[in-house]
Amino acid sequence: MAHESFEDQQIGRLMNDTFVSIKVDREERPDLDNIYMTVCQIMTGAGGWPLTIIMTPDKKPFFAGTYFPKKGQYGRIGVKELTLNVKELWNSKPEEINDSAEKIIDTLQKVSETSSSVEISPEIVDKTYKILSDSFDEVYGGFGGAPKFPTAHNLLFLLRYWKRTGNSRALEIVEETLDSMNNGGIYDQVGFGFHRYSVDSNWLVPHFEKMLYDQALISNVYIEAYQATKKDKYKKTALEIFEYVLRDMKSEEGAFYSAEDADSEGVEGKFYVWNLDEIYEVLGDEDAKFASKVFGITEEGNFSEESSGEKTGANIIHFENSTEDIGEIFNISIDEVEDRIKKIRKKLFKARENRTMPHKDDKILTDWNGLMIATLAKGSQVFGSDKYLKAARNALDFILNIMRRDNRLLHRFREGEALIEGNLDDYAFIIYGLLELYEASFEPEYLKVALSLNEILLEHFWDNENGGFYFTPDDGEEILIRKKEIYDSAIPSGNSIQMLNLLKLSQITENGEIKQRALQLEKAFSEGILRSPTGFTQFMVAFDFKVGPSYEIVIAGNPKKEDTREMIDAVRSDYIPNKTVVLRHEGNVSELIDIIPSLKFKNCENNMATAYVCFENACKAPTNDLVTFLKLLDRGANYEKIIGGD
């Protein structure tokens, strides 16, 4: 619409003569996007982008739609006709428009209301698993048909379900999906990182846009899959995503940019696709034949332009054959196959750097940075990398130093300017990052800041009547209505992430009031969750933590000594998703006791590193023995007693 209509002089004059035309960046103003997308769904039964809203001068919407062509076609009204029709209607029947707008507002308010309902029964976990299992694509992995999104929280839930029940199919669903995604065109096989979604069901043809939040959420799943399976291929993918983010998405200040466009030179995917001649020119005959077999590169190509639908000889690089099959075809070992692929990727990457690159959206968004900070911090724990810890710290320092005003978060930074008051996602995702950073560094300051931001959320975003967090603060800019979001779409909702934050903060600090907030949040949204649990899989991750067992672990010891490091490393290497870990040592105990009173009683015993493990409101005897410590975590509760297993 921008190119077809808004940049057209005639259309522009007509629109500006009729409307006050406003173009909104939905990433800068997700509060407006949330409200008016709901309006569109109420009025039309569907939603999507680009979102078109027409409203009265007092901002009450009376017309909504998505894409409109410049001129009417295929039964769809064009921008010119729409503008003229609205102009005539406004001049002739303004009362009818205002009445219609009032009715829409009433409906919007009713749709957005929540009421305190009931606590959710643990059986919802099994129900969520069954729905996901039934919708699993047995051929290509993922869920449902095209378009197919790499919804990370579905997989996080399934990993926890496998851990809880031992149900092998849950893990198989995760692995088959991750393998198919990683082998497909949705993954940038040359420069790494995931594209936004696949337009087909087999992960081959992506919408080529790359989003920061996808890199954060998806790499997090690969990290957890590595912990669960110990398969190096998942570690490799996570590290590749980090390489892409730190290379291409990191700002000079240390925070992370938002996205890279799908198109370059006006053509979607042009930067990423290759024809056969280019492959031969870059690689030479021998490597080109090898690469063509590995990546399924043909003269006809596998990518067609949307406008024509015809193959143009362009190829999306993907793994057509496994490394085992390639080894047999070329009679070489798997190690030789992988080494050769690595060298070919480097040559292609170097050649691709000479192309016109897609536009980079250099906005720095607090919420998306929070997700990336959390995943880098987790990666630093699991992979033992100071590099990722430093990157997470630097990004957080930028957010806290530059994107705060009077201790309140701001949402967006660009070209030296931080603006727009922070929303729920900004606070919830940064708290999530702070909790992961604490467990990566054991620096008490991160816990203190997390608790401080949590207090701001409770003071300015909490619904005191029905529970749950509003998306906008009570003292913020006045908008149409204050909404509460819980649905976990491409990005998990702030309420879902904050549910887990509250549970972890209450467990770390032994503060029952914080846990009560989590229970109230659960009740506020229980009606919708019970009706369609797979729309709330990030919430189900938090709910799994609540149902337990969730482990409160305190390690007392000197982090510079081997016995303490062994305990910390053992916790980090094993897949124990439902846990909080606190390190008590003489250097930090005075700062932490104010936050965690019981630490004064949790000392090193026998002058050795000592583990304290609590769950289900009971603490086990402290131990210096690493094997005993891990047994407490693996066998600390009867899972089947809580929720039926496979």
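What number of residues in segment 174-229 are among the polar types (S, T, N, Q) and over 18 Å from the mean Cα position of the chain (by Cα)?
Result for segment 174-229: 7.
Name the single residue that is farthest from Ala228 (Cα to Cα) among those in segment 130-171 being part of a helix (DSSP H, G or I) and among the β-branched types (Val, Ile, Thr).
Going through segment 130-171, the residues part of a helix (DSSP H, G or I) turn out to be 130-135, 152-165, 168-171.
From what's left, among the β-branched types (Val, Ile, Thr): 131, 165.
Numbers: Ile131: 22, Thr165: 14 Å.
Residue satisfying both the conditions and the ranking: Ile131.
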Members of segment 49-71 that are part of a loop (DSSP other than H, G, I, E, B) and over 16 Å from Ala2 (Cα atoms): Thr56, Pro57, Asp58, Lys59, Lys60
Odd one out for Glu552 among (1) part of a helix (DSSP H, G or I); (2) at pLDDT 95 or above; (3) touching a helix residue (DSSP H, G or I) at 6+ places or on another chain (Cβ under 9 Å): (1)
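Look through Ile341, Ile373 and report the one residue that is hydrophobic (A, V, I, L, M, F, W, C), closer than 29 Å to Asp261 by Cβ, in a helix (DSSP H, G or I) and in contact with a Leu (Cβ under 6 Å, 6 or more places away or on another chain).
Ile373
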Unique residue being out of contact with any helix residue (DSSP H, G or I) (no Cβ under 7 Å at 6 or more places or on another chain) and either more than 30 Å from Ala428 (Cα to Cα) or in the same structural domain as Leu396 (by TED's automatic domain parsing) (or both) when the list is Ile373, Ile332: Ile332
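What number of residues in segment 1-48 are of a type in the set (Gly, Ala, Ser), part of a helix (DSSP H, G or I) and either modelled with pLDDT of 90 or more or crowded, with 17+ Cβ neighbours inside 10 Å (or both)?
Here is the first cut: in segment 1-48, the residues of a type in the set (Gly, Ala, Ser) are 2, 5, 12, 21, 45-48.
Then drop every residue that is not part of a helix (DSSP H, G or I), which leaves 2, 5, 12.
From the residues that got through so far, the ones that are either modelled with pLDDT of 90 or more or crowded, with 17+ Cβ neighbours inside 10 Å (or both) too are 5, 12.
Adding up the residues that qualify gives 2.
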Qualifying positions in segment 531-557 - among the hydrophobic types (A, V, I, L, M, F, W, C) and under 16 Å from Met499 (Cα atoms): Phe536, Phe539, Met540, Val541, Ala542, Phe543, Phe545, Val547
Residue list for segment 564-588, filter: in a strand (DSSP E or B) and either touching a helix residue (DSSP H, G or I) at 6+ places or on another chain (Cβ under 6 Å) or crowded, with 20+ Cβ neighbours inside 10 Å (or both): Thr580, Val581, Val582, Leu583, Arg584
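Counting only residues that are buried (at least 17 other Cβ atoms within 10 Å of the Cβ) and polar (S, T, N, Q), give me the helices (runs of 4 or more DSSP H) lying completely in segment 197-303 with at least 3 of them. Full working, then the answer.
Values: elements: 212-229, 232-244, 276-295.
So the answer is 212-229.
Results for (1) at pLDDT 95 or above; (2) in contact with a Phe, Trp or Tyr (Cβ under 6 Å, 6 or more places away or on another chain); (3) under 24 Å from Leu447 (Cβ atoms); (4) part of a loop (DSSP other than H, G, I, E, B), shown as yes or no for each residue.
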residue: Lys484; (1), (2), (3), (4): no, yes, no, yes
residue: Ser496; (1), (2), (3), (4): yes, yes, yes, no
residue: Ser506; (1), (2), (3), (4): yes, no, yes, no
residue: Ala518; (1), (2), (3), (4): yes, no, yes, no
Meets criteria (more than 30 Å from Arg26 (Cα to Cα), outside the structural domain of Ala291 (by TED's automatic domain parsing) and among the hydrophobic types (A, V, I, L, M, F, W, C)) for Val337: no
Cβ-Cβ under 7 Å pairs, at least 6 apart or on other chains, segment 459-479 side within 16 Å of Asn495 (Cβ to Cβ), far side assigned to a loop (DSSP other than H, G, I, E, B) and hydrophobic (A, V, I, L, M, F, W, C): Phe469/Phe461; Tyr470/Phe461; Thr472/Ile479; Pro473/Phe461
Any hit, segment 527-537, residues being assigned to a helix (DSSP H, G or I), at pLDDT 95 or above, touching a strand residue (DSSP E or B) at 6+ places or on another chain (Cβ under 9 Å) and surrounded by fewer than 23 Cβ atoms within 10 Å (Cβ to Cβ): yes
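Return the only residue of Ile77, Ile131, Ile120 being free of Cβ contacts under 8 Å to residues at least 12 places away in the same chain, farther than 30 Å from Asn302 by Cα and among the aliphatic types (A, V, I, L, M). Reasoning before the result, please.
On the way: Ile131 fails: free of Cβ contacts under 8 Å to residues at least 12 places away in the same chain; Ile120 fails: free of Cβ contacts under 8 Å to residues at least 12 places away in the same chain.
Answer to the check: Ile77.
State the number of residues belonging to segment 177-188 that are surrounded by fewer than 21 Cβ atoms within 10 Å (Cβ to Cβ) and in contact with a Phe, Trp or Tyr (Cβ under 7 Å, 6 or more places away or on another chain).
Keep residues of segment 177-188 that are surrounded by fewer than 21 Cβ atoms within 10 Å (Cβ to Cβ), which gives 179, 183.
Next, only the ones that are in contact with a Phe, Trp or Tyr (Cβ under 7 Å, 6 or more places away or on another chain) stay: 183.
Residues that pass the stated criteria total 1.
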Residues of segment 423-435 satisfying the condition of being in a helix (DSSP H, G or I) and surrounded by 24 or more Cβ atoms within 10 Å (Cβ to Cβ): Leu424, Asp425, Asp426, Tyr427, Ala428, Phe429, Ile430, Ile431, Tyr432, Gly433, Leu434
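The values are calculated or read from the model by the stated rules, or taken from the named source; none is laboratory data. This structure is a prediction, so every number in the text was calculated from the model and none was measured. Counting neighbours? That spans all protein chains shown, and the Cβs are built from the backbone with ideal geometry, glycine included.
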